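> First, the structure itself, so that you have it in front of you.
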Amino acid sequence: MATSMPGVGQDDWSSRALSLIEDEKYVEAAQVAKAEFDSSKDYHALLAQLRALYRGGRYFECVGSIKQHRDCLTLDVELGLEFRELALDCYLKAKDVLNANKLIEDIESRGELNKPEMLLKKASICGLQSRYDEAIELLVSLNKQFPRRAHILRRLALAYEQVRQPEKALAYLKVYLKVNRDDWADAQIDKYRRLGYV
């Protein structure tokens, strides 16, 4: 009789999946959540499955599941936004630039492109599609809002390098070095030194 109580089944599968994730048993956690989704069609279970696959680095499986259950991306509730953000991460990890671009356009048309990390992902998609001017515009705006952030500065240096503006690339690289000195930055500076810009 206890299984007919509201919420008991959900607690069982979600607690088990969470426990498996904590134990870094991502595939097992995904299987538990998938079984729940298959039986109940509870989108929370599908989201748990996708998160477990993502955490386990199984990006192509995650993309496959998203394609199989594409309707989760059209949900208008907060849960839909969570699906869209996770799907975007999966598409980027799987290098599925075409679907990432389609999804970022959908996110933007819904008015959900308002978080800095989403704008950064849009800039990445633009860069992957060789739309460097658009990427630079987004990155410059982000850099004004969040100055001296290494991940933004690095992308700006790379984007300006792609559009053959080495002086600007070097300027952002120098700021990057003040914030975060690493092997990549040292190699970049060495490259600009050999080219005669430093």
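> Using the Cα gyration tensor of region 65-137, with a ≥ b ≥ c the square roots of its eigenvalues, what is the shape: rounded (a/c below 1.5), prolate (a/b larger than b/c) or oblate (neither)?
Cα axes put region 65-137 in the oblate bin.
> Taking Cα Rg over 2.2 N^0.38 Å straight from the coordinates, which label in (1) 1.09; (2) 1.23; (3) 1.28 is the correct one?
(3)
> Another question, then. Using Cα pairs under 8 angstrom and six or more residues apart, how large is the relative contact order of the chain, in percent?
Result for the chain is 9 percent.
> Step through the table entries 102/122; 93/178; 95/122; 41/67; 93/122, compare each Cα-Cα distance with 18 Å, and write down the pairs that go over it.
Too far apart for the 18 Å limit: 93/178.
> Could you give each residue of region 162-178 its phi-based ³J(HN,Hα) in whole Hz, using Karplus coefficients 6.51, -1.76, 1.60 with θ = phi - 60°, and x for Gly or Pro?
Using θ = phi - 60°, the values come out as 5, 9, 6, 10, x, 5, 5, 4, 5, 4, 5, 5, 5, 5, 4, 4, 5 Hz.
> Restricting to DSSP H runs of at least four residues, report the calculated mean residue ellipticity at 222 nm for the chain, -39500 (n - 2.57) per run over all residues, nearest 500 deg cm²/dmol.
Only helices count here, giving -24000 deg cm²/dmol.
> Please return the longest stretch of the chain lacking exposed loop sites, where trypsin sites (Lys or Arg not before Pro) count only if DSSP places them in a loop and at most 13 other Cβ atoms lie within 10 Å.
42-94
> How much of the accessible area of the chain, in percent, comes from carbon and sulfur atoms when a 1.4 Å probe is used?
So the carbon and sulfur contribution to the accessible surface is 50 percent.
> Tell me, for the chain, which Cys residues have no other cysteine's C-beta sitting closer than 4.7 Å.
72, 126 - these cysteines have no disulfide-compatible partner (Cβ-Cβ under 4.7 Å) in the chain.
> Report the paramagnetic label zone for residue 67: residues of region 101-135 whose backbone N is under 16 Å from a point 7 Å from Cα along the Cα-to-Cβ axis.
101-103
> Counting Lys and Arg as +1 and Asp and Glu as -1, what is the net charge of the other residues whose Cβ lies under 15 Å from the Cβ of residue 160?
Once all neighbours under 15 Å are counted, the net charge is +2.
The values are calculated or read from the model by the stated rules, or taken from the named source; none is laboratory data. Please read all numbers here as calculations on a predicted model, not as lab measurements. Here the Cβ is made from the backbone with ideal geometry for all residues, glycine too, and neighbour counts use every protein chain on show. SASA here: full protein model, heavy atoms, side chains in, ligands and nucleic acids out. Shrake-Rupley method; radii C 1.70, N 1.55, O 1.52, S 1.80 Å.
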